[in-house]
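First the structure, in the form of structure tokens, and then the observations on it.
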Amino acid sequence: MDIGAAALLLGAGLVGGVVNAVAGGATLITFPAMLAAGLPPLIANVSNAVALTPGHLVAALTDRRRLPTPDCRLAATSGIAIAGGAIGAGVLLVTPERLFTALVPALIGLATLVFACGAHIQAVLARKHRDRGELVRDVLLLPTAAYGGYFGAGLGVMLLAALTVTGREEIRAVNALKNLLATAVSLASVTIFAIQGVVRWPETIVMLAGASCGGLLGGKLIAVLSPRSVRTLVTAIGALMTGLYAWRYWC
């Protein structure tokens, strides 16, 4: 890793940390940076997931007073998230590099679409499944967590959509639970990636340092940055990256 790649990863991690603190969607910035630094797509995805994991945990601890009381229900929900993350990581590791490379534009495009339409998705799910929200939430959580273990971009939005289907939740409590479950998903997948030795640690550590600083900075900037503006910018970047990688890998 040369100085230019290190600067790119540090800067992307810093920006991604700020973005996650304000509106979410950091992977749409950090994953392309890993690719630009020369990592193969599958290794870039794995290393990016490891670099951003501490951010989920910090976010969960920051608002821990809003977390639900530890009980059997929380344990079951966390267990589903852990199982899904492990399943997604396992599927990723058996995915051929060529196939995953071909999927990259579609995955980024899907994540961008979900991120851009997150509020609408949450509203539709809550309206249609209000009466059976608990069941629907559990059914949606496993595949959502598996997606998070496989790719992860847009996971926060998907978790919020799954957790708000009953329409009764207080938004800050749901957000705190979302961060906790995202941590569970990430820790499960990252543990598997680390054991299998597929993480590029030099690049990961550099981006992790940037993301950690960005998270702290984002906490201070959240009062002056408009979440809507940040979401618009991240969506535009995601759309641009989708086009660029579609051209690169499909044409």
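The values are calculated or read from the model by the stated rules, or taken from the named source; none is laboratory data. In this text, all values refer to a predicted model and were calculated from it rather than measured experimentally. Glycine also receives a Cβ, built like all others from the backbone with ideal geometry; neighbour counts cover every protein chain displayed.
Of (1) surrounded by fewer than 16 Cβ atoms within 10 Å (Cβ to Cβ); (2) under 14 Å from the mean Cα position of the chain (by Cα), Ala51 satisfies all except one. Which?
Failed condition: (1).
From Gly79, Gly133, which residue is assigned to a helix (DSSP H, G or I) and either at pLDDT 75 or above or within 21 Å of the chain's Cα centre (by Cα) (or both)?
Being assigned to a helix (DSSP H, G or I) and either at pLDDT 75 or above or within 21 Å of the chain's Cα centre (by Cα) (or both) holds for just one of Gly79, Gly133, which is Gly79.
Within the stretch 60-102, can you find the residues that are free of Cβ contacts under 8 Å to residues at least 60 places away in the same chain, surrounded by fewer than 17 Cβ atoms within 10 Å (Cβ to Cβ) and under 30 Å from Leu35 (Cβ atoms)?
Val91, Val94, Thr95, Pro96, Glu97, Arg98, Leu99
Which of the residues belonging to the stretch 234-247 are farther than 11 Å from Ile108 by Cβ and touching a residue at least 24 places away in the same chain (Cβ under 8 Å)?
Those that are farther than 11 Å from Ile108 by Cβ and touching a residue at least 24 places away in the same chain (Cβ under 8 Å): Val234, Thr235.
Hey, can you tell me all the residues within the stretch 155-199 that are basic (Lys, Arg) and modelled with pLDDT of 80 or more?
Across the stretch 155-199, the qualifying residue is only Lys178.
Being within 17 Å of the chain's Cα centre (by Cα) and of a type in the set (Phe, Trp, Tyr), is that true of even one residue in the stretch 17-38?
Checking the stretch 17-38: at least one residue is within 17 Å of the chain's Cα centre (by Cα) and of a type in the set (Phe, Trp, Tyr).
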